[in-house]
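Written out below as C-alpha cells is the structure these notes cover.
The values are calculated or read from the model by the stated rules, or taken from the named source; none is laboratory data. Note that this is a predicted model, so its numbers are computed, not measured. Here Cβ is always computed from backbone atoms with ideal geometry, including for glycine, and neighbour counts include all displayed protein chains.
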Amino acid sequence: MSAAATAPGGSRRRVAVAASARYPDLREDWPIQRDAMAALGLDATTAVWTDREVRWDEYDLVVANGAWDNIHRPAEFLEWVDLVADTGVPIVNSPATLRWNIDKRYLGDLAAAGVPTVPTTWVAAGQVVAAARVELPEGEVVVKPAVSGGGFRTARYPAAEHDRARAHVADLVSAGSTAMIQPYQTSVDAAGEVGVVVLGGMVSHAISKGPMIRRGVGARDTLVGNELIRPASPDAGQLDAAVGALAAAEVMYGPTAYARVDLVRLEDGSPAVLELELLDPALFFEHHPEGARHFARVLRDRIQAG
C-alpha cells in the first residue's frame, strides 16, 4: 500500500465522490475509477450530496464530479460546497472553481482572456423585452440556459425559425434563467465535438461526441440519450486550445484535479471552446482505463498535500 494513501495510524484514506439521488452509482465507468483508487490505498465510495445524513467530515477528500442535478438547485449546491469546505475536508475542484463554473457566463471570462470560444449572446434573467428584440446570429442558432448541463432546455433553430428561438429565450428569462444564444457550428454535424480530458493539469485522453441537438425537436430536459461517444485523437490546434482554456481558468481560480474541454470547429476551421467542464464532466474512463489510474494518482496526491 502506498504510504501517500495511508493515514498516520495506518488506516486507508477515504474518498467520497458526490452523486445525485437519481444516479447514486454514477456512470458505467465508476467501477473502473473505484478500483483504480483502491489499488493506491484509497477507499472510495459514492455519497448523495443532498443526503443530510452523510458525514462529509469523515472523509479525507470529496470529489464533486458526480453531482449532476446541481443545475436544478444551484444555490443549494453551492451551499453544500461551502458546507464541505467549512469542515476542513478538501474538495475538488476547489469551491471557487465550482462556483465560477456552474454558470456558463464563464465563457465571457475565457474570451476576455484571449481563449477562442464560440461566440455567445446573453440575455439576463427577467429581461423579457430584450428577449423579444434580441439580435440573433445569421443562420442556425442554439438557445439554452446559462446554468445547464446534459442538454437541459437546449434547442437549435434554423434561420426560418428565429421567432421560435426568441420565444425560447423569452421563456428562459421569464423563468429566472439567463439565456445564451450561439451560432450553431455546422462542423458538428460532420465531425462532432472533441472533448479533451485533463487530469491534474496533464492531458489524459480525448473523446468525440456526435451531434446531440436535433433540428425541429425543440427544448428537452436532457439530450444525453443522443450521445454517441468514441475515442478521439485531437490535433495540435485542438490540444493548444484545450490547454490554453484550462490555463486561463487556473490563472483565475487555481489548479484543477479534473477538467474536460469541449471543442468545435468554427466556420474557418479553427478550434473553439464550446464548454470548459470543471464541475461535473463525464470523464469517459471506459474508453481509456489508464486515465482512471492517472486520476487516482491525482486524488492521492491531493490528499497527501493536505
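One line per residue, one yes/no per condition, for (1) among the charged types (D, E, K, R); (2) free of Cβ contacts under 8 Å to residues at least 60 places away in the same chain:
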| residue | (1), (2) |
| --- | --- |
| Arg156 | yes, yes |
| Glu161 | yes, yes |
| Ala179 | no, yes |
| Gln185 | no, no |
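Among the residues of segment 117-147, those that are out of contact with any strand residue (DSSP E or B) (no Cβ under 7 Å at 6 or more places or on another chain) and either closer than 23 Å to Ala242 by Cα or surrounded by fewer than 18 Cβ atoms within 10 Å (Cβ to Cβ) (or both) comprise Ala124, Ala125, Gly126, Val128, Val129, Ala132, Arg133, Glu135, Glu138, Val147. In segment 226-243, which residues are at pLDDT 95 or above and among the acidic types (Asp, Glu)? Result: Asp235, Asp240.
Quick grid of which residues meet (1) under 20 Å from the mean Cα position of the chain (by Cα); (2) in a helix (DSSP H, G or I):
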| site | (1), (2) |
| --- | --- |
| Val264 | yes, no |
| Asp268 | no, no |
| Val273 | yes, no |
| Leu279 | yes, no |
| Phe295 | yes, yes |
| Leu299 | yes, yes |
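Val92 falls short on exactly one of the conditions (1) within 30 Å of Val169 (Cβ to Cβ); (2) surrounded by 16 or more Cβ atoms within 10 Å (Cβ to Cβ); (3) in contact (Cβ under 8 Å) with a residue 40 or more places away in the chain; (4) of a type in the set (A, V, I, L, M), and that condition is (1).
A quick yes/no check of all residues on (1) surrounded by fewer than 20 Cβ atoms within 10 Å (Cβ to Cβ); (2) under 15 Å from Val118 (Cα atoms); (3) within 21 Å of the chain's Cα centre (by Cα):
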position	(1), (2), (3)
Gly149	no, no, yes
Thr154	no, no, yes
Pro158	yes, no, no
Asp163	yes, no, no
Met180	no, yes, yes
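Checking Val147, Val194, Val203 one by one, the residue that is touching an Asp or Glu at 6+ places or on another chain (Cβ under 7 Å), β-branched (Val, Ile, Thr) and either assigned to a loop (DSSP other than H, G, I, E, B) or touching a residue at least 12 places away in the same chain (Cβ under 8 Å) (or both) is Val147 and no other.
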